[in-house]
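Encoded as C-alpha cells, the structure appears first; notes follow it.
The values are calculated or read from the model by the stated rules, or taken from the named source; none is laboratory data. Keep in mind the model is a prediction, meaning the values are calculated, not measured. When we count neighbours, we look across all protein chains shown, and the Cβ atoms used for this are built from the backbone with ideal geometry, even at glycine. With ligands, DNA and RNA removed, areas are computed over all heavy atoms of the protein, side chains included. Shrake-Rupley method; radii C 1.70, N 1.55, O 1.52, S 1.80 Å.
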Amino acid sequence: MKINSNYLNLKESYLFSDIAKKTAAYKESNPDADIIRLGIGDVTLPLAPAVVDAMRSAADDMGVKESFKGYGPEQGYGFLKDAIKAYYSEEDGVELEADEIFISDGAKSDLGNILDIFAKDNTVLVPDPVYPVYVDTNIMDDRKIVYMSGNADNGFRPLPDDSVDADIIYICSPNNPTGAAYNHAELKLWVDYAKKKGAIILFDAAYEAFVSSKELVRSIYEVEGAKECAIEFCSFSKIAGFTGTRCGWTIVPQTLVYDGVKLNKLWLRRQTTKFNGVSYPIQKAAAAVFTPEGRAQIKQNLDYYKENARIITAALDELGIWYTGGVNSPYIWLKCPNGMKSWDFFDLLLTKANVVGTPGAGFGEMGEGFFRLTAFGDRERTKEAVERLKKLLK
Ligand code: MLT
C-alpha cells in the first residue's frame, strides 16, 4: 500500500491548529493569563431562539413513528431548498431552480469535495493571501497552483490578468482573511475572464450576510453570465452561528457545461455516492433561519458582530494603523505596527496583551507583515482586547 504522498507536501499542521497549540502552550506556562481569543473566526452568540425551537421540535418528530425520518432526500429537504431559493430571490434578485441547490454540512467541506469532479491536471488560480483550504485541498491532489497577489495597492482585491491561464479560480468575497469585498463591476471582470479561459469560478460566499453596501454583491449570480461559469458555496456558520451545528449549501447551476457534461450531474453523482446528507433536525433548524422571526433574530446577532468590528476599527483609526475589512465583513486585516512580521506581532500580542489573533503570514506570502482580527468575539471581551491593544501600542 502506498500513501497519497501529496500529503507530505502540506505544511505540518493546519493554520488554526498551530495557533491553538501555541496559545495552549503559553497558557500552560502562564496559567493566570486571561487570554482573549480573536483568532479563528468562530462565533460566540448562541443560536437564535427560532432555530433552537425548530431543532427541538424536529428532534421530537424523530421520536414518533408517524413523523420519524430515515435517509433524507439526496440533495436536501425541499423545505430548506425552497427557503434558500426564496432568500436568493428576495435578497439578491437571483432566481434558482431547486435542483441547483445542494444542502451540505458547510462550505469548507464542499469547497474541498468539489475537486472530485475536476481533473487533476487543471491549473488553479488563488489569491494570496488566501483561505488555506483552497490551497491545501489542491496540494492533496497535486494540482498546479498559481497565485495572484493581493496587496495594499489593489486593496487586496486582485483582478484578472489575461496573460495568466487558469482552469479553476477561487474567489471569496467578502474575503477571508482580508475582509475586502469585490463590487459588481470587478466581479464582472472575473466572470468575463473565466468565460474567455473556459475556467470555472468557485465562489465562496460564506460572509455574504455582512454585506451592507449597495454596490457590492452577495451572490456571484447577481453578475450577468455567472451561471455559465461559477459554482457558489455558502454556509449557515457565519450567517446564523452554525459553526458547531454544521449546515451549508452549494449552488451548481444547470447551465454549467464543461467538456459537454453538466457539472450539476457530476456533483449529484459524487454526492449520492459519498454523502448521505445533513440530519433532519439540523435542516429544520437551518430553515428556521429564513422565517420572519428567525431573520429578525439573526439580524440582531449580525448587528452585534458588526458593532464589534466598528469597535476594533475605531481603535485602529485612533492608533493610526492601516487596515481593510471591518465594514461588510467580520474580519479586520491590519498592517502590523512598526514593520513587524506577522508571527512576531502574534507573539507580542499574546505575551504582552494576552490577545490572540491570526498572523497574516499563515494565509500566504503576501500576508507577511499583516494580521487578522475577528469581530465574532464577545462584546465585553472585544472591548477589553481593544483597550489592551491601545495600551500596548500607543
Ligand atoms: C477562519 O477563522 O478563517 C474560519 O473559521 C475558517 C472557517 O470558517 O473554516
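Only residues that are assigned to a helix (DSSP H, G or I), farther than 17 Å from Asp141 by Cβ and of a type outside the set (Ser, Thr, Tyr): list them for segment 1-25, please. Please lay out each step first, then the result.
From segment 1-25, those assigned to a helix (DSSP H, G or I) are 5-9, 15-25; that's our starting set.
Pick out the ones that are also farther than 17 Å from Asp141 by Cβ and you get 15-25.
Within segment 1-25, Leu15, Phe16, Asp18, Ile19, Ala20, Lys21, Lys22, Ala24, Ala25 qualify.
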| query | Can you tell me how many residues in segment 50-67 are touching a helix residue (DSSP H, G or I) at 6+ places or on another chain (Cβ under 6 Å) and either charged (D, E, K, R) or over 19 Å from Asp105 (Cβ atoms) (or both)? | reply | 2
| task | Scan segment 319-331 and give yes if some residue there is in contact with a strand residue (DSSP E or B) (Cβ under 7 Å, 6 or more places away or on another chain), open to solvent by less than 10 Å² (accessible area, probe 1.4 Å) and under 21 Å from Ile35 (Cβ atoms), otherwise no. | result | yes
| query | When you look at Lys335, is it open to solvent by 30 Å² or more (accessible area, probe 1.4 Å), farther than 30 Å from Ile114 by Cα and in contact with a strand residue (DSSP E or B) (Cβ under 8 Å, 6 or more places away or on another chain), yes or no? | reply | yes
| said: So Phe370 ticks every box in (1) more than 16 Å from the ligand (Cβ to nearest atom); (2) modelled with pLDDT of 95 or more; (3) not hydroxyl-bearing (Ser, Thr, Tyr) but one. Which box is left unticked? | reply: (1)
| remark: Picking from Gly112, Gly70, the residue that is within 16 Å of the ligand (Cβ to nearest atom), farther than 26 Å from Asp303 by Cα and surrounded by fewer than 17 Cβ atoms within 10 Å (Cβ to Cβ) would be Gly112
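Would you be able to tell me the number of residues in segment 26-71 that are among the hydrophobic types (A, V, I, L, M, F, W, C) and either over 30 Å from Ser329 (Cβ atoms) or in a loop (DSSP other than H, G, I, E, B) (or both)?
Restricting attention to segment 26-71, the residues satisfying the condition of being among the hydrophobic types (A, V, I, L, M, F, W, C) are 33, 35-36, 38, 40, 43, 45, 47-48, 50-52, 54-55, 58-59, 62, 64, 68.
Among the residues that remain, those that are also either over 30 Å from Ser329 (Cβ atoms) or in a loop (DSSP other than H, G, I, E, B) (or both) are: 33, 35, 38, 40, 43, 45, 47-48, 58-59, 62, 64, 68.
Counting residues in segment 26-71 that are among the hydrophobic types (A, V, I, L, M, F, W, C) and either over 30 Å from Ser329 (Cβ atoms) or in a loop (DSSP other than H, G, I, E, B) (or both) gives 13.
Condition check ((1) closer than 20 Å to Tyr207 by Cα; (2) modelled with pLDDT of 95 or more; (3) within 25 Å of the chain's Cα centre (by Cα)) across all residues:
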position: Lys352; (1), (2), (3): no, yes, no
position: Val356; (1), (2), (3): no, yes, yes
position: Gly360; (1), (2), (3): yes, yes, yes
position: Gly364; (1), (2), (3): no, yes, yes
position: Gly377; (1), (2), (3): yes, yes, yes
position: Leu392; (1), (2), (3): no, yes, no
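Return the residues of segment 353-363 that are open to solvent by 10 Å² or more (accessible area, probe 1.4 Å) and either of a type in the set (Lys, Arg) or in a helix (DSSP H, G or I) (or both); say none if nothing qualifies. It would help to see each step written out before you state the result.
Of the residues in segment 353-363, the ones open to solvent by 10 Å² or more (accessible area, probe 1.4 Å) are 354, 361-362.
Result: Ala361, Gly362.
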| request: Give the residues of segment 21-59 that are open to solvent by less than 60 Å² (accessible area, probe 1.4 Å), within 16 Å of the ligand (Cβ to nearest atom) and either at pLDDT 95 or above or β-branched (Val, Ile, Thr) (or both), sorted by residue number. | output: Thr23, Ile36, Leu38, Val43, Leu45
| Of all the residues that make up segment 195-237, how many are within 16 Å of Val126 (Cβ to Cβ) and surrounded by fewer than 21 Cβ atoms within 10 Å (Cβ to Cβ)? | 1
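Of the residues in segment 131-140, how many are closer than 19 Å to Tyr331 by Cα, in contact with a strand residue (DSSP E or B) (Cβ under 8 Å, 6 or more places away or on another chain) and open to solvent by 10 Å² or more (accessible area, probe 1.4 Å)?
So the answer is 1.
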| Within segment 142-196, how many residues turn out to be assigned to a loop (DSSP other than H, G, I, E, B), in contact with a Pro (Cβ under 6 Å, 6 or more places away or on another chain) and more than 16 Å from the ligand (Cβ to nearest atom)? | 1
| query | Looking at Leu350, Leu389, which one is open to solvent by less than 50 Å² (accessible area, probe 1.4 Å), within 21 Å of Asn30 (Cα to Cα), part of a helix (DSSP H, G or I) and out of contact with any Leu (no Cβ under 9 Å at 6 or more places or on another chain)? | reply | Leu350
